[in-house]
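Student: Following this message is one structure expressed as structure tokens.
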Amino acid sequence: MTPKPQIRLLPPEVANKIAAGEVVERPSSVVKELIENSQDAGAGSIEVQVVAGGTRLISITDDGWGMDRDNALMALERHATSKIRDVGDIEHIATLGFRGEALAAIGSVSRFRMQTGVRETPGGTEIVMAGGKLQDVRDCGCPPGTTIEIRDLFFNVPARRKFLRSVATELSHVRQVFLVHALAHPETALRLVVDNREVWRLPGGATLEDRIRELFGVSYVGDLKPIHWAGGELNIEGYVGTPSLARADSSEQFFFVNGRPAGAPLIYRAIRESVQTLLPTGRYPSLFLFLTLDPGAVDVNVHPTKKEVRFRHGGEVRDGVMAALRAALAGGVRSAGDPAQPFSMFQTPPVIRAEPERQLHIENLPTSGVFRYPRMPAAGITPPPPETGAVLGAGQSSSVAAAPEGGGGSASTPWSWCRIVGQVGGLYVLLETEDGLVVMDPHAAHERVLFEKFMRRFLKGDLTSQSLLLPETVDLPPRDVQTVRDNLELLKKMGFGIAEFGGDTFLVDALPGGLTGLSVRTFLADMAGLLESAGDRGGRENARAEVIAQAACKAAVKARDRLTVAEIEQLVVDLATAEMPYTCPHGRPTLIFMSFQEFRRKFGRE
């Protein structure tokens, strides 16, 4: 019989390793915790050095207050902190750290060395640990401030170490953490050195605009709109990108609450509601959002890594974020006097009506006309003979439109004949078929036809590139740089003329056919997101499809284009033999159908 287990206290080294599992997920977690400690220590300058993505070495040096010997030793104890004193302080946390777990957790899974000194005392203290065990404490010569070196992370936890990703992947996470904290504190000078090579040197005393310009490039800042909003005790500052900077993921959305990089579900909802009429589904605006409010109105003790916060008055924060974003995107600077009614300055948005002079026109649209096209029979079924005696409109050609290029078609086309009835809203085309009435969006229909046409060409290796008149240099954020670098050959096969230009910059001198005129940076960033999120095989297939879908969208007829009846006829013919005629490559419907049976039911004829 198995003996009854006894409850006992865990040894400190075991407890520290368990805590390290929550606090220290990967090298970037160490960088985050140590930068936050430096910021809390009043540092005006912070230097970060990493070797082998942080797996071999992480070094953080700051010029903050530093510590004397007693405080330095106490800082390595679990739950030892200078930032809170009693339970009441937890309700008003104004610092980045407060739990007192980070140094003990980091020291328990690495070879740890700290040198620290205060301005009032010459010299300083050096402490050496390995796997959580104190090895040496001695005097040392060091400037005021603190330097912490972390070597061989997870050397004593092999199970955790084997779950680390490649050096390049871990480095991209480190760089992303550095970037986020550089945005959070533009007043602090920061330097990042990777494998003895300086990557970023950011001067202190900068504004947020200066910091964004240094991290994302000059042209990027030109597409940002400032955010300034105040209501009650809530103040919102930052920048929001115009629709041209929108991405396929939210990786360029940065949120800071009282200087802390963090987010909250209600903020994400507020953003979606604010831009839902400006951006298509699945597109996310670039955003740098700084919320400042009473620390007592924010609960930061929600997540072990402090990634999420909660608000005491969540409704007011949500309304404030929505008001701030709408005001910024409207081009104005507004202030809400009453935070309970932050939208009083907005009028009901006007209804956008079709304006014929601005919308797609079909030239010489007849009042009546019937045209035929080959019906693709289902397997084993003989197609019916064509009808005779069809009435054609005045001037209407009776010739049959040609079959689409390379079309294999679907098992059967939707209808054996159709008649162009007219056009509504200056855009949509009404078609009568043998089964009912169809409303067609010519742009979406043309996208589907071109998508399948381009896809067939790509599979045959016949997708061409278009050279840019002037090559463009594209600066990408850290998380995208490595993905693009790893997939350069794939991007070249898809028609990109792309090469590394040093650092985080790529030179693009050609785009896949049909894509000229798009924002090169936005499109390349979207490709990186697709490749990263879907894995090797899936990412390549999704990225290929997205490139071709974008090419189809770019080349398809636009709202200002004019089409002839013959072109509409050809479009219907091509769409009918498409493999998926009912939606465009992005999922929007190409056709809306109402059967005659439905008409009879609605008019009470059944």
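Student: Here is a list: 470, 515. Which entry is farther than 22 Å from residue 591 by Cβ, at pLDDT below 80 and outside the structural domain of residue 194 (by TED's automatic domain parsing)?
Tutor: Details: 470 fails: at pLDDT below 80.
Step by step, each of 470, 515 is checked, and only 515 is farther than 22 Å from residue 591 by Cβ, at pLDDT below 80 and outside the structural domain of residue 194 (by TED's automatic domain parsing).
Student: Now, a different point. Inside the range 225-244, can you point out the residues that are among the hydrophobic types (A, V, I, L, M, F, W, C), surrounded by 22 or more Cβ atoms within 10 Å (Cβ to Cβ) and closer than 26 Å to residue 521 by Cα?
Tutor: Our first condition is that a residue be among the hydrophobic types (A, V, I, L, M, F, W, C); within the range 225-244, this holds for 227, 229-230, 234, 236, 240.
Add one more test, that the residue is surrounded by 22 or more Cβ atoms within 10 Å (Cβ to Cβ), and what stays is 229, 234, 236, 240.
Once the filter is applied, which keeps residues that are among the hydrophobic types (A, V, I, L, M, F, W, C), surrounded by 22 or more Cβ atoms within 10 Å (Cβ to Cβ) and closer than 26 Å to residue 521 by Cα, the range 225-244 yields only 240.
Student: Among the numbered criteria (1) at pLDDT 85 or above; (2) surrounded by fewer than 22 Cβ atoms within 10 Å (Cβ to Cβ); (3) of a type outside the set (Gly, Ala, Ser), which single criterion is violated by residue 27?
Tutor: It is condition (2) that residue 27 fails.
Student: Determine if the range 173-186 includes at least one residue that is free of Cβ contacts under 8 Å to residues at least 24 places away in the same chain and either touching a helix residue (DSSP H, G or I) at 6+ places or on another chain (Cβ under 7 Å) or surrounded by fewer than 17 Cβ atoms within 10 Å (Cβ to Cβ) (or both). Walk me through how you get there before you give the answer.
Tutor: If we filter the range 173-186 for residues that are free of Cβ contacts under 8 Å to residues at least 24 places away in the same chain, which is where we start, we get none.
No, the range 173-186 contains no residue that is free of Cβ contacts under 8 Å to residues at least 24 places away in the same chain and either touching a helix residue (DSSP H, G or I) at 6+ places or on another chain (Cβ under 7 Å) or surrounded by fewer than 17 Cβ atoms within 10 Å (Cβ to Cβ) (or both).
Student: Filter the range 142-181 for residues that are of a type in the set (A, V, I, L, M, F, W, C) and more than 21 Å from the chain's Cα centre (by Cα) and give the result.
Tutor: Scanning the range 142-181 gives 142, 148, 150, 153, 154, 155, 157, 159, 163, 164, 167.
Student: Sort through 259, 282, 263 and tell me the only one that's out of contact with any strand residue (DSSP E or B) (no Cβ under 7 Å at 6 or more places or on another chain) and under 28 Å from residue 38 (Cβ atoms).
Tutor: After applying the criteria, what remains is 259.
Student: If we scan the range 54-65, do we find a residue that is farther than 18 Å from residue 120 by Cα and part of a helix (DSSP H, G or I)? Please lay out each step first, then the result.
Tutor: Taking the range 54-65 as the starting set, the residues that turn out to be farther than 18 Å from residue 120 by Cα are 54-61.
Still in the running and part of a helix (DSSP H, G or I): 54.
Checking the range 54-65: at least one residue is farther than 18 Å from residue 120 by Cα and part of a helix (DSSP H, G or I).
Student: Do any strands (runs of 3 or more DSSP E) entirely within the range 141-254 hold 1 or more residues that are of a type in the set (S, T, N, Q) and more than 28 Å from residue 25 (Cβ to Cβ), and if so, which?
Tutor: Working: elements: 145-151, 189-194, 197-202, 224-231, 234-241.
Filter on the range 141-254 gives 234-241.
Student: Output the residue which, of all residues in the range 280-316 that are exposed (fewer than 14 other Cβ atoms within 10 Å of the Cβ) and closer than 24 Å to residue 330 by Cβ, is modelled with the highest pLDDT.
Tutor: Among those that are exposed (fewer than 14 other Cβ atoms within 10 Å of the Cβ) and closer than 24 Å to residue 330 by Cβ, it is 315.
Student: So how many residues does the range 455-509 have that are within 26 Å of the chain's Cα centre (by Cα), assigned to a loop (DSSP other than H, G, I, E, B), in contact (Cβ under 8 Å) with a residue 40 or more places away in the chain and surrounded by fewer than 17 Cβ atoms within 10 Å (Cβ to Cβ)?
Tutor: Number of matching residues: 1.
Student: Let me confirm something: among 573, 557, which residue is of a type in the set (Val, Ile, Thr), at pLDDT 65 or above and not in a strand (DSSP E or B)?
Tutor: Values: 557 fails: at pLDDT 65 or above.
From the options 573, 557, the qualifying one is 573.
The values are calculated or read from the model by the stated rules, or taken from the named source; none is laboratory data. Fair warning: this is a prediction, and the values are worked out from it, not measured in the lab. Neighbour counts run over all protein chains shown; Cβ positions are idealised from the backbone, glycine included.
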